[in-house]
Each structure stands twice: as structure tokens, then as C-alpha cells.
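What follows is a short report on a single structure.
Nothing in this text is a laboratory measurement; each read-out follows from the coordinates by a stated rule. Here the structure is a predicted model, which is why all the values come from computation and not from measurement. Every residue, glycine among them, receives a Cβ derived from its backbone with ideal geometry; neighbour counts consider all protein chains shown.
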Amino acid sequence: MGDITALRVDAIVNAANSSLLGGGGVDGAIHSAAGPLLLEECRKIGGCPTGEAKITAGYRLAARFVIHTVGPVWRGGEHGEDDLLARCYRSCFELVRQNEIQSIAFPAISTGAYGFPAERASRIAVREIAAFLENASFVEVTAVCFNKRVYDCYHEALKSI
Ligand code: APR
């Protein structure tokens, strides 16, 4: 458990919104730790569709890069939310490959303001991370849980792989 902005890894993942112009939760924490140049770079990107990911520098963060991904808003589970969340992880891993990133940390994407049930989201996260690591075992992947509720969900999900 912990604060993703403190991690000394190649890349931390931001649970952003499609504007990429910052927000609350982990998005707010990352922008405030990285400083104003992060927002300046995000402005130039011009947004990110749900399920996709964009990479920027980390600026004042210990991490070299921030990978911004936009998770789905939970709307009951019948609107493709599971697939969109899985796509967030795959989009982030595509950028890991392209940028030869060796260590990456994820927050529990969509489980805060976007309301995705943590039990279900953690199973998707663990499944996607495990699938990626099958062909990239040299990459260190950390799932950062900001509270015990989410930590317990990830702990449970890990038993199923
Ligand atoms: N470090 C690690 N995890 C964190 C941190 C932090 N500093 N702060 C919050 N979290 C956790 C939350 O506890 C939650 O489990 O990140 C997870 C995702 O929660 P949110 O940050 O609310 O993100 P999300 O649910 O994807 O909603 C995204 O919220 O902040 C806005 O701009 C953002 O509109 C977007 C929406």
C-alpha cells in the first residue's frame, strides 16, 4: 500500500480523465507532485479516449515517465466497462514496450471517482498484468493500493492466477 507519486520506478500510471487536464484522486496527486510542466505537456497532447494511454515525462516526480490512461466510468457493468478497463492496461503495456520501460506502477484504475467495483477491477488488473508478464518477465510491475479495501481485493485476485 502507498502513494504512487513517491515510487522510484521508470513509469507511474495516472488514472486520468479524457481531457488529460488533471483532476482529483491520483490524477491530482500526480500533477501536484510533478509540477506545472506536466500539465503543460498534457495540454499539447490534446486529450485521450477511454481505454487508451499517452506518455509524458515525469518532471519533479521520481518516476521518469507518467503514462496517462483513461478508465471507464462504471455504469452497471453492461456497457463494456470490463473490456475498456482491460484495454487501459494493454494500452499502458504497449507504451512500456515502445519506451523500453523496465519498471511500472499502476493505481487501481477506475475504482475511485469512476466507481468501478474494486473486486471486479482488481481481477481484470491482475489478469492483464499476468498476461503481459508472461512475455516480459524482466519488467517489474507494481499495483499500488491506496487503502486496505483495494489491497484486500488485489490480494484475493492474486490467488486466482
Ligand atoms: N497513490 C495511489 N493510488 C491513489 C492515490 C495515490 N496518491 N490517490 C488515489 N488513489 C487510488 C484511489 O484510492 C483509487 O483506488 O487510485 C484509485 C483510482 O481512483 P481515482 O484517482 O479517483 O481515479 P478513477 O476512479 O480512475 O477516476 C478518474 O477522477 O481524479 C479524477 O481526473 C480524474 O476524472 C478522473 C477520475
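Miscellaneous remarks
- In the range 114-125, the residues that are closer than 11 Å to V73 by Cα and charged (D, E, K, R) never reach a residue that is within 11 Å of the ligand (Cβ to nearest atom) and in a helix (DSSP H, G or I) with C-beta atoms less than 8 angstrom apart, at least six apart or across chains.
- Qualifying residue in the range 111-123 (condition: part of a loop (DSSP other than H, G, I, E, B), under 14 Å from the mean Cα position of the chain (by Cα), within 11 Å of the ligand (Cβ to nearest atom) and of a type in the set (S, T, Y)): yes
- The residues of the range 18-74 that are among the polar types (S, T, N, Q) and either under 14 Å from the mean Cα position of the chain (by Cα) or buried (at least 21 other Cβ atoms within 10 Å of the Cβ) (or both), listed by number, are S18, T50, T56, T69.
- Checking each residue in the range 48-76 for being basic (K, R) and either under 14 Å from T5 (Cβ atoms) or touching a residue at least 24 places away in the same chain (Cβ under 8 Å) (or both) picks out K54, R60, R64.
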